[in-house]
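Q: Dumping the structure here so I can ask a few things about it.
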Amino acid sequence: MRGSAKITTILFVISCFVLIFFGALIYLSWQNNAGQISVNTNQPDTPEPSQAGKDSKTENSFNLEMVKFNSEQDFKDYLKSTEGLMTGFAGNFGQKNTAIATDSVSTQKALMPTSSGSDEQAGTAERFSQTNIQVSGVDEPDIIKTDGQNIFFSLEPRYGITTDTANSMEKSRSLSQTTSVSIAPDMPQRIVDSSVKIIKAFKPADLKEISSINENGNLLLNNNHLIVIGNNKISAFDVSRANQPKATWQLQLASNAYLTDSRLYNGLIYLIIRKNISDFLPCPIEVVSLNNKKISVACQDVYHPQSPVNIDVTYTVMAIDPLNGEIKNQTSFVGSASHSLTYMSQNNIYATYTFFPDAVSFMYDFLVSKCLGLVPESLIEKLAKLKSYEISSAAKMTEFNQIMENFERSLDNDQQLELETELTNRLNQYLTEHQRELEKTGIVKIGIKNFSILATGQIPGEPLNQFCLDEYKNILRIATTISGGLMGATNQSVSDVYALDENLKELSSVKDLGKGEKIYSARFVGDRGYIVTFRQTDPFYVIDLTDPKNSKLSGELKIPGFSSYLHPIDQNLIIGIGQEQSKVKISLFDVSDPANLQEKAKYMVNEYWTEVANNHHAFLLDDKHQIFFLPASRGGYIFSYKDAELELEKAVSQESVKRAVYIDDYLYIISENKISVFSEITWEKIKELNLK
């Protein structure tokens, strides 16, 4: 604020509220405006976006329509118009964690390569596990993949002293002993092992390392093509002969470009790539190089929302042929490097971002609806005029502060104190009444068939992670939390679940779940939604979504602790992984009767943490043997859920356990330095392999 020496004034109540309250709330929520996905640049006849996003109940609604920049100057002008706004939107494939088991592909018949690369014909596995994913058929990258015969394991980078470095150190020591030159004994460590191990895994008697790839990163496996997704490049290898992997293509990210996330579906790899924006030269935007051929995006091919949003990056979504790296489709849009979500179904990509109404407009509406007679009409008229100006938010805030300063000077101390007290009271009431107008999530729906925008929409609140979104029978279900209690306001946080039609228009909602709490996990299974909120207890809610036009709360259960990951076993049982009293907690929820929910079984693991809590890929379920696997800090744990009970089948003391996979009736427990194989019939150890 400018020029005011008194905090307890009208300027503090309103101007400080705008700057700090909105700043805090924007920091929590408006950092998500990246999902502004656009039309494919190769589709000149793309249909216009849905008008759903234009429907509005309030004057402060955000204009969600996507348009292209006309030129580089148009891009620069947009950047200037967003000065002073808080961080806007970003995109990623739903990081953070946490639909019957069919929504999470866990078993496949082995599609064996034509040649195993072995001297003798390998046996054929009848079933093998896949990465634990959200949507059936939409694969997600992870550090472990298997084709039912081999295991591909991407090691975390190991740091040490290479042979060359060690020789240099020895020479330095000798030199320091024979001369007066002081040689620093410390030498920088280098990565000595950063590779993808290829393990012949089936049958266990033949367990051995047969090859390695000098790359590191998450993996996708498309038939005989292994894709290694590193920090700044994506490399593909033909592994039809697993003992002789052959590099086929490489996609190199441009300078200041970062891969947000990826998916593999229906024979195509989907990438989202983030690139920092230069204020002086925003485009053309160099995104990647395919086999050393640069690929750029022109200004006229970049989309942005009609309403100004602070931006610092562009996002480019690409569909890639895993066989040769050819880009089949792409689209680009502006955004921010902050967090947001992207959920992918078998038909569409949904990008979400959280935004705020214009701060000056919000305060104007407050004064008009709650303070007529308390503040002079001349002040209202000035703010109305300011609100209509087509200038940046930063410029509006400067003018707003000046108006409030001038108003403050017209009041004596008593008037200032009285007005401050009255406005504070009315503002708290207004915040409670308009809680859902303060924090909204915009949604953009893009069809993966031709990368065209199909619809845009908005709902109150902010989703936690990718599991808060789910498409079922062309209906999008989404769970959000609306923040509360900022700047001393008396309103509490609440959570809602919304059902949206194919045009992203609201069909129905269930509101006010967990007052004073926030969503810790969510899962949608068929016609139901399962929501866990937490503050001190763990309310477990069941939402009936059978009729999308009439969603309703059908059950609630309150128990200690919380679940941060929910995994459906069948229509009646849900596994919850979380914490209680700083210990890992496993719950088995009986949801057969939503009106009578039960925590059917509970098991406390003497561990403080499991990777499953924030990475669903670490969870493995084998429904044939009715077991699931949980890695933790001291080892791996195999639990049975037979007869709706939780029983520890096997505890494996093994350092740095990362994952488990099954091939036929063998469970392979994988850590950074060892693979242990157990029979799922007897739970005896069959084989062990120490990794180099």
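Q: Sort 379-390, 521-532, 396-407 by the packing proxy (mean of other Cβ within 10 Å over each peptide's residues), most packed first.
A: Most protected by this proxy first, the peptides run 521-532, 396-407, 379-390.
Q: Using alpha-carbon pairs under 8 Å, 6+ residues apart, how would you state the relative contact order of the range 578-660 in percent?
A: 22
Q: Right, here's the next one. Could you name the lysines whose alpha carbon sits less than 17 Å from that of K396, not counting residues in the same chain fewer than 8 places away?
A: K80, K382, K385, K387
Q: Show me, for the range 406-423, the HN-Hα J-couplings you get by feeding each phi into the Karplus relation (A = 6.51, B = -1.76, C = 1.60, θ = phi - 60°), rounded to Hz, glycine and proline as x.
A: Those phi angles translate into 4, 5, 4, 5, 7, 10, 8, 4, 5, 5, 4, 5, 5, 5, 4, 4, 5, 5 Hz.
Q: Mind sorting C468, C283 by how few other Cβ atoms lie within 10 Å of their own Cβ, fewest first?
A: Least crowded to most crowded, the residues run C283, C468.
Q: What aspartates and glutamates could a cross-link reach from K473, if we take a straight Cα to Cα line under 12 Å and drop same-chain neighbours fewer than 8 places away?
A: Reachable aspartates and glutamates: D501, E502, D527, D547.
Q: Right, next: What does the net charge come to around E433 if you take all other residues with beta carbon closer than 13 Å to its beta carbon, with K and R at +1 and D and E at -1?
A: Taking every Cβ under 13 Å from that of E433, the sum is +1.
Q: A further question on this structure: What's the whole-number percent of alpha carbon pairs in the range 526-657 lying beyond 21 angstrom?
A: 40
Q: Listed highest first by mean packing, meaning other Cβ atoms within 10 Å per residue, what order do 639-646, 451-458, 587-594 come in?
A: Those peptides, ordered most packed to least, come out 451-458, 587-594, 639-646.
Q: If you don't mind, there's one more thing I want to ask. How long are the semi-axes of the ellipsoid equivalent to the range 436-546, from square roots of 5 times the Cα gyration tensor eigenvalues, in whole Å, largest first?
A: They are 25, 17, 11 Å, listed from largest to smallest.
Q: Can you flag which of K583/K674; K552/K600; K68/K440; K145/K328; K208/K674; K145/K585 are past 18 Å Cα-Cα?
A: K583/K674; K552/K600; K68/K440; K145/K328; K145/K585
Q: Rounded to the nearest whole Å³, what is the per residue volume of the convex hull around the Cα atoms of the range 582-630?
A: Considering the Cα atoms of the range 582-630, their hull volume per residue is 108 Å³.
Q: Can you return the aspartates and glutamates within cross-link range of K293? Criterion is Cα-Cα under 18 Å, with same-chain partners fewer than 8 residues away left out.
A: Here the aspartates and glutamates satisfying the reach criterion relative to K293 are D321, E326.
Q: Can you classify the range 336-428 as rounded, prolate or oblate using the Cα gyration tensor, where a ≥ b ≥ c are the square roots of its eigenvalues, rounded means a/c under 1.5, and otherwise it's prolate if a/b beats b/c and oblate if not?
A: Verdict is prolate for the range 336-428.
Q: Can I ask one more? Please report the orientation-averaged projected area of the range 638-692, defined via the convex hull of its C-alpha atoms, in nm².
A: Its average projected convex-hull area is 4.1 nm².
Q: May I pose another question? Hey, what's the Cα Rg ratio for the range 204-256 versus the globular rule of thumb, 2.2 N^0.38 Å?
A: This ratio for the range 204-256 stands at 1.27.
Values quoted throughout were computed directly from the atomic coordinates according to the rules given, and no laboratory measurement underlies them. Predicted model only: the values in this text are computed from it and were never measured. Neighbour counts are summed over all protein chains in view; Cβ atoms, including those assigned to glycine, are modelled from backbone coordinates with ideal geometry.
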